[in-house]
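As structure tokens, the structure follows; a few thoughts come after it.
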Protein chains: 2
Amino acid sequence: MASSSGRRLNIDNVNPHVRAAKYAVRGELAVKSEEYRAQLQSGMTDLPFTQVISANIGNPQQLDQKPLTFFRQVLSILENPALLEKKDVLVNHLGYKPDVLERAKRLLKQVGSVGAYSASNGVPAIRQSIADFLERRDGFPANQADIYLSAGASSGVNTLLHVICADDKSGILVPIPQYPLYTASLSVLNATCVPYFLDESKNWGTDLSIIKESYDKAKAQGTDVRAIVIINPGNPTGASLPEEDIRAVIEFARQERLVIIADEVYQTNVFIGEFISFKRMLRQMAREKPGVYDNVELASLHSVSKGMVGECGHRGGYFELVNFDPQVQAEIYKFVSIMLCAPVIGQCLVELMVNPPKPGEPSYELYQKEYDAIFYGLKERATALHRAFEQMEGVECGVPQGSMYLFPTIKLPAKAVQAAAAQGRTPDEFYCMRLLEATGVCVVPGSGFGQKEGTLHFRTTFLAPGTEWVGSIVKFHKEFMDEFR
Amino acid sequence: MASSSGRRLNIDNVNPHVRAAKYAVRGELAVKSEEYRAQLQSGMTDLPFTQVISANIGNPQQLDQKPLTFFRQVLSILENPALLEKKDVLVNHLGYKPDVLERAKRLLKQVGSVGAYSASNGVPAIRQSIADFLERRDGFPANQADIYLSAGASSGVNTLLHVICADDKSGILVPIPQYPLYTASLSVLNATCVPYFLDESKNWGTDLSIIKESYDKAKAQGTDVRAIVIINPGNPTGASLPEEDIRAVIEFARQERLVIIADEVYQTNVFIGEFISFKRMLRQMAREKPGVYDNVELASLHSVSKGMVGECGHRGGYFELVNFDPQVQAEIYKFVSIMLCAPVIGQCLVELMVNPPKPGEPSYELYQKEYDAIFYGLKERATALHRAFEQMEGVECGVPQGSMYLFPTIKLPAKAVQAAAAQGRTPDEFYCMRLLEATGVCVVPGSGFGQKEGTLHFRTTFLAPGTEWVGSIVKFHKEFMDEFR
């Protein structure tokens, strides 16, 4: 018998499109921060900090955010329906309110067991509840048949890009900076990312002339641009788009026949102004000019991961399709069928999110109190962090508008840029690595999201409690600037 | 302003690889069966049956299978950790045993909140618990760093195929008949499916000469065959592979440098003989001939969806990599990172599955009783269904060996074949559609899994309770044969 030959797979022969994909949110810095965390837990360390702050990822419940009581009480019954046989115990000994029991009972009737596969596009009654929510939110009709439950919004984006992109000439307009799900998925699909820059000087708004320029350039290069991604409120920027920006994008999409992919997962994380959905604006424009917008295709996404719900680990989300061709919808249905269905308990959480306790219902008061505490807590932390950035030399950061992030610009001394190059790192990577090593605070370099050439940023969440970590950033920054001055 | 132009997307310009994918398990028949179910619920119908039996999909809890009490009690606490503050109520009023509380407490300590993202490859302590299980099962070491939690086994297969297939020349050996996840995923990826037939005359075993023939033919056509998929126990066939078949496949994979993808999700659904894992056999062979098998790459998958757990809706699963290159593993890690992590409550369910109550622990007795009742119930139903098939003219079906399915051969009269062709259907599709229309029983035509030319089959689960539906199949079959005689 021959001796063992080499392995079949190596880094040079695996899928080159997977290899090309970049996903910095969970990249080298994140891995290193987990190593530090393990070292701290073991006690065997002389690190210069006592805790790791994972400000690299919008993961509210890993930090301080508590789950909403009503939601989790309902889920506990869905997981163990036998509890419903002990109503008096639930109500009298465990403090479950009657509307918790009613909701659990209703969902169980609609879902059957949360351990069973649902329909590929989600439980019909949950799709209906989402449609009802969308009607209330937007003031326009929504149809449950156009709604698809997904394992978080990420999985929905993956589905949409898979169906929309036909080959390597298919292009998708993606904002820069962007959440790297988009560029990574397009890499894996071997489709073309058509980047357009957001306008930092206008609070990271969408500048249509810049979008047009990118679009025209891509088209001239032979790219078949098919869709435009808008993240609103923005990630990593936090920007909340005004009505005129949304109108301009819709009108542009109509003219150029682009599918609009509206990533609206931060729709409740808005501190300034109000959230305006693309769906509402599209329907509004269609009402103003009947017939003109009937073929503008919109896919809008939402999730239980963000907002005051913050249930990332449950992988719940949905997308709604507007004006899509029924045959294309059938392909989307088939595609999601291959993975069977979104997690059913996550689907139930979507239902709870879109249909929370109403005023007058027994659980309302506590729900609203918890919800508001999270909302104002986030706002307060964002403000404190922003204030800290304002003190820092060479750091500029717009007023917090929404989402869970700040994305300051940093100007680093030439010596720091050289030191970074000597390590084979971009200056922002170098800065963020040093920040992690010195303070245990993990943030993501701007290059992970894309940034205009010659500019440097980092993204940090404002989810972590306390002010100590903010202080440690300020202190680090001063020392860093002094070191490389 | 111009009037509305056409939509951007239509069936002719969406991703042709998505369009080419076929997934019959949730295809036309399944959709029609759901319409019937809705009609029956509305009461507005004159259908010739009173219930729809979804025998098309292995979805135990949609039918009769009850969740295991221990598992769901633990999950109810994970969803609402506040319950742990009421220990006396849980124990004295709700009958939760102390080991339920302990497990929930331990998992919460390891996981944090089930609403938080975990590490991309899963919660470290859960990976360790899986590694411990694999060591107990196989008698060989397992390393938590080689284990990746996934959203059901399907998502794991998707990951593996994405990394392994580099381009349209990359080929994967897939058994025929097969669960269509494989062919569908390869279509979407635009990689090459290299089918090899299972041997119906040998209880659907793997015949190495047939595998070699397929392999050689594909190689001659320029296909770069990279991996071989084995589904053991078989889906749709139910076959449980003997040791010599497994050894032969491993030896072949070594010689030809093929990655082995072992889909072992039915490992506890075995009625005849015992389940032998590919991991155990590979390590055994490596022990017998040191050094020879050190580079044979194996990925083996498991899931909470099947077996006596049957928790499909929770989308829990994992895969273990053996002998993989660390750089390739890093690409797999990055790929799963893009979708963030598997549902965390599903991860916890995996932990419960691999580490159930042990003899002497308070919950053991009930757990084992429930587990055995499901196991023997399935066996009994399989036997009853098999007996019914034996009575049916032109139907042949091997003795039930395992999984959740029977896959009988059917021989249909020439007139039925003509009637099918007149409708543009394959004969097995025609037969299954007529069966659904007459009885409400939904099964999947053999063509949905692949079958040798000139043969016809259908796949049915044996999950549905009662004997009435089995009787209705027998009655339908007789009438069908009479009609087309």
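The values are calculated or read from the model by the stated rules, or taken from the named source; none is laboratory data. For clarity, every value in this text was computed on a predicted model and none was experimentally measured. Cβ placement follows ideal geometry from the backbone for every residue including glycine, while neighbour counts extend to all protein chains displayed.
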* Which condition number does residue B:255 fail, the rest of (1) under 21 Å from residue B:327 (Cα atoms); (2) without any contact (Cβ under 8 Å) to a residue 24 or more places away in the chain being met? -> (1)
* Asked: Of everything in the stretch A:303-326 that's of a type outside the set (Asp, Glu) and under 17 Å from residue B:119 (Cα atoms), which residue is farthest from the other protein chains (Cβ to nearest Cβ)?
  -> A:305
* If we keep just the residues of the stretch A:364-408 that are acidic (Asp, Glu) and in contact (Cβ under 8 Å) with a residue 60 or more places away in the chain, which is farthest from residue A:482 (Cα to Cα)? -> A:370
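So if I check each of A:51, A:41, which one is in the same structural domain as residue A:440 (by the TED database), part of a helix (DSSP H, G or I) and of a type outside the set (Lys, Arg)? Walk me through how you get there before you give the answer.
Numbers: A:51 fails: part of a helix (DSSP H, G or I).
So the residue among A:51, A:41 that is in the same structural domain as residue A:440 (by the TED database), part of a helix (DSSP H, G or I) and of a type outside the set (Lys, Arg) is A:41.
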* Check off (1) within 7 Å of chain A (Cβ to nearest Cβ); (2) within 15 Å of residue A:334 (Cα to Cα); (3) in contact with a Ser or Thr (Cβ under 6 Å, 6 or more places away or on another chain) for residue B:20 and give me the number that stays unchecked. => (1)
* Asked: Here are some residues: B:205, B:222, B:273, B:238. Which one is touching an Asp or Glu at 6+ places or on another chain (Cβ under 7 Å), small (Gly, Ala, Ser) and touching a residue at least 40 places away in the same chain (Cβ under 8 Å)?
  -> B:205
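Can you report the number of residues in the stretch A:197-227 which are in contact with a helix residue (DSSP H, G or I) (Cβ under 6 Å, 6 or more places away or on another chain) and either aliphatic (A, V, I, L, M) or assigned by the TED database to the domain that holds residue A:401 (or both)?
Count: 3.
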* Asked: Of all residues in the stretch B:121-158, how many are over 15 Å from residue B:301 (Cβ atoms), hydrophobic (A, V, I, L, M, F, W, C) and within 13 Å of chain A (Cβ to nearest Cβ)?
  -> 4
* To do: Name, by its number, the condition in (1) within 12 Å of chain B (Cβ to nearest Cβ); (2) at pLDDT 95 or above that does not hold for residue A:118.
  => (2)
* What about residue B:65, is it assigned to a helix (DSSP H, G or I) and among the polar types (S, T, N, Q)? -> no
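What are the residues in the stretch B:389-406 that are surrounded by 19 or more Cβ atoms within 10 Å (Cβ to Cβ) and part of a helix (DSSP H, G or I), if any? Talk me through it step by step, then tell me what you get.
Taking the stretch B:389-406 first, the residues surrounded by 19 or more Cβ atoms within 10 Å (Cβ to Cβ) are B:389, B:395, B:397-398, B:400-406.
Of everything in the stretch B:389-406, just one residue is surrounded by 19 or more Cβ atoms within 10 Å (Cβ to Cβ) and part of a helix (DSSP H, G or I), namely B:389.
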* To do: With the checklist (1) outside any loop (DSSP other than H, G, I, E, B); (2) more than 22 Å from residue B:79 (Cα to Cα); (3) more than 8 Å from chain B (Cβ to nearest Cβ) in hand, flag the one item residue A:350 doesn't pass.
  => (2)
* Which numbered condition residue A:105 misses (of (1) modelled with pLDDT under 95; (2) farther than 29 Å from residue A:185 by Cα) -> (1)
* Given A:104, A:82, which one is more than 10 Å from chain B (Cβ to nearest Cβ), assigned to a helix (DSSP H, G or I) and either aliphatic (A, V, I, L, M) or closer than 24 Å to residue B:113 by Cα (or both)? -> A:104
* Asked: Any residue in the stretch A:58-77 that is over 21 Å from residue A:465 (Cα atoms), small (Gly, Ala, Ser) and out of contact with any helix residue (DSSP H, G or I) (no Cβ under 9 Å at 6 or more places or on another chain)?
  -> no
* Which of the residues spanning the stretch B:224-272 are touching a Phe, Trp or Tyr at 6+ places or on another chain (Cβ under 8 Å) and on the phi > 0 side of the Ramachandran plot? -> B:238
* **Residues that are under 11 Å from residue B:227 (Cα atoms) and buried (at least 21 other Cβ atoms within 10 Å of the Cβ), drawn from the stretch B:255-295** => B:258, B:259, B:260, B:261, B:262
* Would you be able to say whether some residue in the stretch B:196-217 is among the small types (Gly, Ala, Ser), closer than 14 Å to residue B:245 by Cβ and touching a strand residue (DSSP E or B) at 6+ places or on another chain (Cβ under 9 Å)? => yes
* Asked: Based on what the data block shows, is residue A:275 assigned to a loop (DSSP other than H, G, I, E, B), of a type in the set (Phe, Trp, Tyr) and either in contact with a helix residue (DSSP H, G or I) (Cβ under 9 Å, 6 or more places away or on another chain) or closer than 30 Å to residue A:381 by Cβ (or both)?
  -> yes
* Within the stretch A:34-55, how many residues are within 11 Å of another protein chain (Cβ to nearest Cβ) and buried (at least 20 other Cβ atoms within 10 Å of the Cβ)? -> 1
* To do: Could you please tell me which pairs satisfy a Cβ distance under 6 Å, a separation of 6+ or placement on different chains, a first residue in the stretch B:34-45 that is on the phi < 0 side of the Ramachandran plot, and a second residue that is modelled with pLDDT of 85 or more and not in a loop (DSSP other than H, G, I, E, B)?
  => B:45/B:39
* On the given criteria, is residue A:378 under 30 Å from residue A:74 (Cβ atoms), buried (at least 23 other Cβ atoms within 10 Å of the Cβ) and not assigned by the TED database to the domain that holds residue A:146? -> yes
* Only one of these conditions is not met by residue B:6: (1) in contact (Cβ under 8 Å) with a residue 40 or more places away in the chain; (2) assigned to a loop (DSSP other than H, G, I, E, B); (3) of a type outside the set (A, V, I, L, M, F, W, C); (4) farther than 30 Å from residue B:186 by Cα. Which number is it? -> (1)
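Being under 16 Å from residue A:327 (Cα atoms) and surrounded by 17 or more Cβ atoms within 10 Å (Cβ to Cβ) is the filter here, so list the residues in the stretch B:24-33 that pass it.
Of everything in the stretch B:24-33, just one residue is under 16 Å from residue A:327 (Cα atoms) and surrounded by 17 or more Cβ atoms within 10 Å (Cβ to Cβ), namely B:27.
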* To do: Considering only the stretch A:416-452, state which residues are surrounded by fewer than 18 Cβ atoms within 10 Å (Cβ to Cβ) and either within 26 Å of the chain's Cα centre (by Cα) or hydroxyl-bearing (Ser, Thr, Tyr) (or both).
  => A:452
* Asked: Quick one: residue B:329 ticks every box in (1) under 26 Å from residue A:185 (Cβ atoms); (2) within 12 Å of chain A (Cβ to nearest Cβ); (3) outside any helix (DSSP H, G or I); (4) touching a Leu at 6+ places or on another chain (Cβ under 7 Å) bar one, so which box is it?
  -> (3)
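What do you reckon, is residue A:140 in a loop (DSSP other than H, G, I, E, B), of a type in the set (Phe, Trp, Tyr) and at pLDDT 95 or above? Can you show your working first?
On the way: in a loop (DSSP other than H, G, I, E, B): yes; of a type in the set (Phe, Trp, Tyr): yes; at pLDDT 95 or above: yes.
Answer is yes for this residue.
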